[in-house]
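A.B. asks: First the structure, which I've put down as structure tokens, then a few questions once you've had a look.
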Amino acid sequence: MRLARIFTFLILLSFMFTGFPLTKPSIDDPTQNMEIQYPASVPIQAGGNAEIQIKLKIPAGNYIFVEHLSDAGMGVLTSFHIDESSGLKITEVKKPAGVKQTNEIIVYDLAVYMLFIKDNKTHAPGSEINAEIEITTQLCSKNDGICFLPHTFRKNVAFTIIDSSWSDKDYENHTYDTFAELPAANKRIDFENIDYPLLYAAIFFETNRQRIRYKRKVFLHSPALEKAAKGHSDDMVKYNFFSHTSPVKGKETMTKRLALAGITSGYRGENIAYSFGIEYKAGKSVYNPDQNNGYFSYSYKGDPILNHTYLGLAKEVLNQWMNSPGHKANILDTKFTYLGTGASHYKNPGFYNMDNFKCTQNFGSTKGPVE
């Protein structure tokens, strides 16, 4: 009887060693010393969305779990939680690519997650919401196969609610003519507080004005195409490139970017452009801020060159595209029914930090999903 008990114990012990990763107590646990980088303050549209990039710097010789490839995967996946009593909700988490290890996708050194946050309560513009984000992860040692106990980090993020005079539903209620009459469309852009939805709409309706000029049917708005266009514009600024080919893994081509937004079929196209944020004419002599009390002007200490209005910037960008045969062909192509536009602001260090924008149009014959 005693031998049978010992035999049963050995079988159970063997199962523990082969079926589960060993878990080490928190003594000398490097998880607690993991460096987490995140924005302390994030702007979010009232009733809209915001993106937060979370970077987990993994101690040398360790890894974390990103995804299970089968039911045999036993590691604790890194997860995120926000207190929804704040009126905010995590709607999506984009995970790093990682590498395959048996039944797991794991990542070493640096894991970059993208959190998509929605304001569910449509807070008043100008208000600030302090929300705690919980990050739970588990480190495992690369060399000895030991996994440490899961650890939860808590980070406070201040969300500033910003106003937008435009929403997706407004596309159904306006034509170019009615949009051009809106005071907001003719307001000069404040580079410290850009109303991006309004800017996307300005580029959209100015594009439709060109369609009408050439007797084409106007485009219908696609939130999915806009999502892809916005993402590519942001990436071009963030990673300092200007191309239809992206260095971002998984987003190298237009086809991949549109697939990430849910569009995998039909005719598809893309235009990109960059433009001055102020009403500066390229090639014209200008006095820069270092010479000129902090602003650009055509004469020494003369009148400042003004910021573009939302509609004015859209006209400038469309003027470039319509003067380029390939870009013009996309805009007038009758195979395309839907349009989504994006733009991202940056300061050009090669030209006295002048305010600039990189812009994207994505075209499609299908609308794609609506979030």
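A.B. asks: Kindly provide the set of residues from segment 259-307 that are under 31 Å from the mean Cα position of the chain (by Cα), farther than 21 Å from residue 245 by Cβ and outside any loop (DSSP other than H, G, I, E, B), ordered by number.
C.D. replies: 276, 278, 307
A.B. asks: Determine which member of the set 295, 352 is among the aromatic types (Phe, Trp, Tyr), over 25 Å from residue 184 (Cα atoms) and open to solvent by 20 Å² or more (accessible area, probe 1.4 Å).
C.D. replies: Step by step, each of 295, 352 is checked, and only 352 is among the aromatic types (Phe, Trp, Tyr), over 25 Å from residue 184 (Cα atoms) and open to solvent by 20 Å² or more (accessible area, probe 1.4 Å).
A.B. asks: Would you point out the residue of segment 121-142, among those that are more than 30 Å from residue 109 (Cα to Cα) and outside any loop (DSSP other than H, G, I, E, B), that is most open to solvent (accessible area, probe 1.4 Å)?
C.D. replies: Residues of segment 121-142 more than 30 Å from residue 109 (Cα to Cα): 121-129.
Filter again for outside any loop (DSSP other than H, G, I, E, B), leaving 128-129.
Working: 128: 112, 129: 17 Å².
My answer is 128.
A.B. asks: Here is a further query. Across segment 312-325, what is the total count of residues that are part of a helix (DSSP H, G or I) and either open to solvent by 50 Å² or more (accessible area, probe 1.4 Å) or acidic (Asp, Glu) (or both)?
C.D. replies: Residues of segment 312-325 that are part of a helix (DSSP H, G or I), as a first pass: 312-322, 325.
Then keep just the ones that are either open to solvent by 50 Å² or more (accessible area, probe 1.4 Å) or acidic (Asp, Glu) (or both); that gives 315-316, 319-320, 325.
The qualifying residues number 5.
A.B. asks: While we're here: Please name all residue pairs, on different chains or six or more residues apart, with Cβ atoms under 6 Å, provided the first residue is in segment 259-287 and is without any contact (Cβ under 8 Å) to a residue 24 or more places away in the chain and surrounded by fewer than 20 Cβ atoms within 10 Å (Cβ to Cβ) and the second residue is of a type in the set (Phe, Trp, Tyr) and assigned to a strand (DSSP E or B).
C.D. replies: Listed pairs, sorted by first residue: none to list.
A.B. asks: Same structure, new question: Which ones in segment 279-308 are hydroxyl-bearing (Ser, Thr, Tyr) and under 13 Å from residue 356 (Cα atoms)? Working first, answer last.
C.D. replies: Step one: filter segment 279-308 for residues hydroxyl-bearing (Ser, Thr, Tyr), giving 280, 285, 287, 295, 297-300.
The answer is 280, and nothing else.
A.B. asks: How do the pairs read when you match residues in segment 29-55 that are part of a strand (DSSP E or B) with residues anywhere that are of a type in the set (Ser, Thr, Tyr), using Cβ under 6 Å and keeping only pairs 6 or more apart or on different chains?
C.D. replies: From residues that are part of a strand (DSSP E or B), the pairs are 43/160; 45/164; 54/38; 54/113.
A.B. asks: Can you work out which of the residues in segment 248-258 that are open to solvent by less than 90 Å² (accessible area, probe 1.4 Å) and not in a helix (DSSP H, G or I) is farthest from residue 367 (Cα to Cα)?
C.D. replies: 248
A.B. asks: Pick from segment 187-215 the residues that are in a helix (DSSP H, G or I), open to solvent by less than 10 Å² (accessible area, probe 1.4 Å) and β-branched (Val, Ile, Thr): which of them is farthest from residue 359 (Cα to Cα)?
C.D. replies: So, considering only residues that are in a helix (DSSP H, G or I), open to solvent by less than 10 Å² (accessible area, probe 1.4 Å) and β-branched (Val, Ile, Thr), the one farthest from residue 359 (Cα to Cα) is 207.
A.B. asks: Which pairs turn up if I take residues in segment 112-129 that are farther than 22 Å from residue 92 by Cα and look for partners that are open to solvent by 60 Å² or more (accessible area, probe 1.4 Å) with beta carbon separation below 7 Å, at least 6 apart in sequence or on another chain?
C.D. replies: 125/163
A.B. asks: Does segment 220-227 contain any residue that is of a type in the set (Ser, Thr, Tyr) and either open to solvent by 30 Å² or more (accessible area, probe 1.4 Å) or part of a helix (DSSP H, G or I) (or both)?
C.D. replies: Initially, segment 220-227 is screened for residues of a type in the set (Ser, Thr, Tyr), giving 222.
Filter once more, keeping what is either open to solvent by 30 Å² or more (accessible area, probe 1.4 Å) or part of a helix (DSSP H, G or I) (or both): none.
Looking for residues that are of a type in the set (Ser, Thr, Tyr) and either open to solvent by 30 Å² or more (accessible area, probe 1.4 Å) or part of a helix (DSSP H, G or I) (or both), one finds none in segment 220-227, hence no.
A.B. asks: Filtering segment 143-166 down to residues that are touching a helix residue (DSSP H, G or I) at 6+ places or on another chain (Cβ under 7 Å) and in a loop (DSSP other than H, G, I, E, B), which residue is surrounded by the most Cβ atoms within 10 Å (Cβ to Cβ)? Don't jump to the end; show me each part of the working.
C.D. replies: Residues of segment 143-166 touching a helix residue (DSSP H, G or I) at 6+ places or on another chain (Cβ under 7 Å): 148, 151, 164-166.
Restricting the remaining residues to those that are in a loop (DSSP other than H, G, I, E, B) gives 164-166.
On the way: 164: 19, 165: 15, 166: 22.
Top of the filtered list is 166.
A.B. asks: May I pose another question? Has segment 92-104 got any residue that is surrounded by fewer than 17 Cβ atoms within 10 Å (Cβ to Cβ) and small (Gly, Ala, Ser)?
C.D. replies: Looking through segment 92-104, at least one residue is surrounded by fewer than 17 Cβ atoms within 10 Å (Cβ to Cβ) and small (Gly, Ala, Ser).
A.B. asks: Going by the conditions given, is residue 181 at pLDDT 90 or above, among the acidic types (Asp, Glu), open to solvent by 20 Å² or more (accessible area, probe 1.4 Å) and over 26 Å from residue 332 (Cβ atoms)? Write out each step before concluding.
C.D. replies: On the way: at pLDDT 90 or above: yes; among the acidic types (Asp, Glu): yes; open to solvent by 20 Å² or more (accessible area, probe 1.4 Å): yes; over 26 Å from residue 332 (Cβ atoms): no.
Taking the combined requirement at face value, the residue does not satisfy it.
A.B. asks: Can you tell which of 302, 342, 368 is in contact with an Asp or Glu (Cβ under 9 Å, 6 or more places away or on another chain) and either buried (at least 21 other Cβ atoms within 10 Å of the Cβ) or of a type outside the set (Ser, Thr, Tyr) (or both)? Reasoning before the result, please.
C.D. replies: Details: 302 fails: in contact with an Asp or Glu (Cβ under 9 Å, 6 or more places away or on another chain); 368 fails: in contact with an Asp or Glu (Cβ under 9 Å, 6 or more places away or on another chain).
Going through 302, 342, 368 in turn, just one is in contact with an Asp or Glu (Cβ under 9 Å, 6 or more places away or on another chain) and either buried (at least 21 other Cβ atoms within 10 Å of the Cβ) or of a type outside the set (Ser, Thr, Tyr) (or both): 342.
A.B. asks: In segment 191-221, how many residues are more than 17 Å from the chain's Cα centre (by Cα) and under 20 Å from residue 310 (Cβ atoms)?
C.D. replies: The first filter runs over segment 191-221 and keeps only residues more than 17 Å from the chain's Cα centre (by Cα), leaving 191-193, 198, 201-221.
Next, from what is left, pick out any that are under 20 Å from residue 310 (Cβ atoms): 191-193, 198, 201-212, 218-219, 221.
The qualifying residues number 19.
A.B. asks: Does residue 135 satisfy being closer than 30 Å to residue 85 by Cα, touching a residue at least 60 places away in the same chain (Cβ under 8 Å) and aliphatic (A, V, I, L, M)? Give the derivation first.
C.D. replies: Values: closer than 30 Å to residue 85 by Cα: yes; touching a residue at least 60 places away in the same chain (Cβ under 8 Å): yes; aliphatic (A, V, I, L, M): yes.
Against the criterion (closer than 30 Å to residue 85 by Cα, touching a residue at least 60 places away in the same chain (Cβ under 8 Å) and aliphatic (A, V, I, L, M)), residue 135 qualifies.
A.B. asks: I need every pair where a residue in segment 310-321 that is under 12 Å from residue 200 (Cα atoms) has its Cβ under 7 Å from the Cβ of a residue that is among the aromatic types (Phe, Trp, Tyr), sequence separation at least 6 or different chains.
C.D. replies: Going by the 7 Å Cβ cut-off, the qualifying pairs are 313/357.
A.B. asks: Still on this structure: Exactly one of these conditions fails for residue 33: (1) closer than 14 Å to residue 136 by Cα; (2) at pLDDT 85 or above. Give me its number.
C.D. replies: (2)
A.B. asks: If you check 86, 70, which single one turns out to be open to solvent by 40 Å² or more (accessible area, probe 1.4 Å), farther than 23 Å from residue 29 by Cα and among the hydroxyl-bearing types (Ser, Thr, Tyr)? Write out each step before concluding.
C.D. replies: Working: 86 fails: open to solvent by 40 Å² or more (accessible area, probe 1.4 Å).
Within the list 86, 70, the selection yields 70.
A.B. asks: So which of 360, 337, 309 ends up being open to solvent by less than 50 Å² (accessible area, probe 1.4 Å) and either in contact with a Pro (Cβ under 7 Å, 6 or more places away or on another chain) or closer than 21 Å to residue 224 by Cα (or both)? Give the derivation first.
C.D. replies: Details: 337 fails: open to solvent by less than 50 Å² (accessible area, probe 1.4 Å); 309 fails: either in contact with a Pro (Cβ under 7 Å, 6 or more places away or on another chain) or closer than 21 Å to residue 224 by Cα (or both).
Criteria check complete, one pass: 360.
The values are calculated or read from the model by the stated rules, or taken from the named source; none is laboratory data. A quick note: this is a predicted structure, and the numbers were derived from the prediction, not measured. Glycine gets a Cβ as well: all are built from the backbone with ideal geometry, and neighbour counts include every protein chain shown. Keep in mind that these areas ignore ligands, DNA and RNA; they rest on the heavy atoms of the full protein, side chains included. Shrake-Rupley method; radii C 1.70, N 1.55, O 1.52, S 1.80 Å.
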